[in-house]
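A short write-up of the structure that comes next.
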Amino acid sequence: MKILAIHGSPRTIRSTTRKLAGFVLEGAAEAGAETEMIDLADYSIIPCTSCEACSLNGICVNDDDVPALLIRMQEADGIIFGSPVYIDNITGQMKVFFDRLADAIHYQLLAGKYGCSIATTYESGGDDVVTYLNHVLNYLGVLSVGGISIATGGKIETMNAVEPGAKTLGRKLADAISGGFSDPAQQAILEDNRGFFRSLVEENKDFRTEDYDRWVRMGWIEK
Ligand SMILES: Cc1cc2nc3c(=O)[nH]c(=O)nc-3n(C[C@H](O)[C@H](O)[C@H](O)COP(=O)(O)O)c2cc1C
């Protein structure tokens, strides 16, 4: 069982968000997961320009690290998204990455995985960012087992208080992967999302045959 944490703090190894993601990964490792951390800021991620080339074959015209990052996400069973709060939202690094996942969202390339989200902030916006990150997981077809945020007030020692909860979240994620997890409300959202993207997959079935066939196999499209 592989669990991957991806965080969008530009402070990379000095990041509080990375530290919080690390606690979640520790909890997951205690439950038997193999874990991995990705500092997005270390990768080349060129912003989407809406050229729509990816809609032809899923391949972006830009030569950067996103395809390799997507493969790592596809190889994982669990995905943790994390971001510091920047002006009440996720960081630019994280958003540029998400925009590049539009094709993965349309074709539901990560469907069937489990995830969770985390955020850190000085004072406010942490819960809203967790909600948004979980919303993006759902867009990707990933079922979230929850999330956690911390307002540090600039004091790193506040992280001690959140450590047990973060580890519990990591264990919950690992347990969902090994034993299953159900959330009817969220599953209805995933189904709605597929309903929304279905017409696109059907429209493009002549040149996205593999994706179309996968949707048929998954029972998301009736032939
Ligand atoms: C550009 C910028 C914008 C920020 N915006 C907010 C904000 O809107 N609200 C808040 O409470 N903290 C804000 N912060 C503080 C960070 O959210 C906080 O320090 C966070 O824990 C940093 O995480 P990191 O160490 O993982 O980068 C901001 C920090 C920066 C650098």
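Worth a mention:
- Checklist (1) closer than 30 Å to E202 by Cα; (2) touching a Phe, Trp or Tyr at 6+ places or on another chain (Cβ under 6 Å) applied to D103, failing item: (2)
- Count - residues of segment 71-86 that are surrounded by 19 or more Cβ atoms within 10 Å (Cβ to Cβ) and either not hydrophobic (A, V, I, L, M, F, W, C) or not in a strand (DSSP E or B) (or both): 8
- Pairs where the first residue, in segment 1-19, is farther than 11 Å from I79 by Cα and the second is more than 12 Å from the ligand (Cβ to nearest atom) and assigned to a strand (DSSP E or B), C-beta under 7 Å, 6+ apart: M1/E34; R18/M37
- Segment 87-101, subset assigned to a loop (DSSP other than H, G, I, E, B) and charged (D, E, K, R), residue nearest to the ligand (Cβ to nearest atom): D88
- Test: C60 is part of a loop (DSSP other than H, G, I, E, B), over 30 Å from S124 (Cα atoms) and touching a residue at least 24 places away in the same chain (Cβ under 8 Å): yes
- Test: residue in segment 94-102 that is in contact with an Asp or Glu (Cβ under 9 Å, 6 or more places away or on another chain) and either over 16 Å from A41 (Cβ atoms) or aliphatic (A, V, I, L, M) (or both): no
- In a residue-by-residue description of segment 121-130, the property of being under 12 Å from the mean Cα position of the chain (by Cα), within 15 Å of the ligand (Cβ to nearest atom), more than 14 Å from L190 (Cα to Cα) and assigned to a helix (DSSP H, G or I) applies to at least one position.
Matching residues to (1) assigned to a loop (DSSP other than H, G, I, E, B); (2) within 16 Å of the ligand (Cβ to nearest atom):
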residue	(1), (2)
R18	no, yes
E26	no, no
I45	yes, no
T49	yes, no
P67	no, no
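- Annotation: of all residues in segment 131-152 being more than 9 Å from the ligand (Cβ to nearest atom) and of a type in the set (G, A, S), the one that is nearest to Q74 (Cα to Cα) is G141.
- Complete set of residues in segment 155-174 that are more than 12 Å from the ligand (Cβ to nearest atom) and either surrounded by 14 or more Cβ atoms within 10 Å (Cβ to Cβ) or in contact (Cβ under 8 Å) with a residue 40 or more places away in the chain (or both): E163, G165, A166, K167, T168, L169, G170, R171, K172, L173, A174
- Test set (1) out of contact with any Lys or Arg (no Cβ under 9 Å at 6 or more places or on another chain); (2) under 16 Å from G141 (Cα atoms) - F181 fails condition number: (1)
- Residue in segment 141-154 that is loosely packed, with under 15 Cβ neighbours inside 10 Å, over 22 Å from the mean Cα position of the chain (by Cα) and free of Cβ contacts under 8 Å to residues at least 60 places away in the same chain present: yes
- Going through (1) more than 10 Å from the ligand (Cβ to nearest atom); (2) of a type in the set (V, I, T); (3) surrounded by fewer than 22 Cβ atoms within 10 Å (Cβ to Cβ) one by one, T35 falls short only on (3).
None of the figures in this text is laboratory data; all of them are computed from the coordinates on show. Because the structure is a prediction, the values reported are computed rather than measured. Counting neighbours? That spans all protein chains shown, and the Cβs are built from the backbone with ideal geometry, glycine included.
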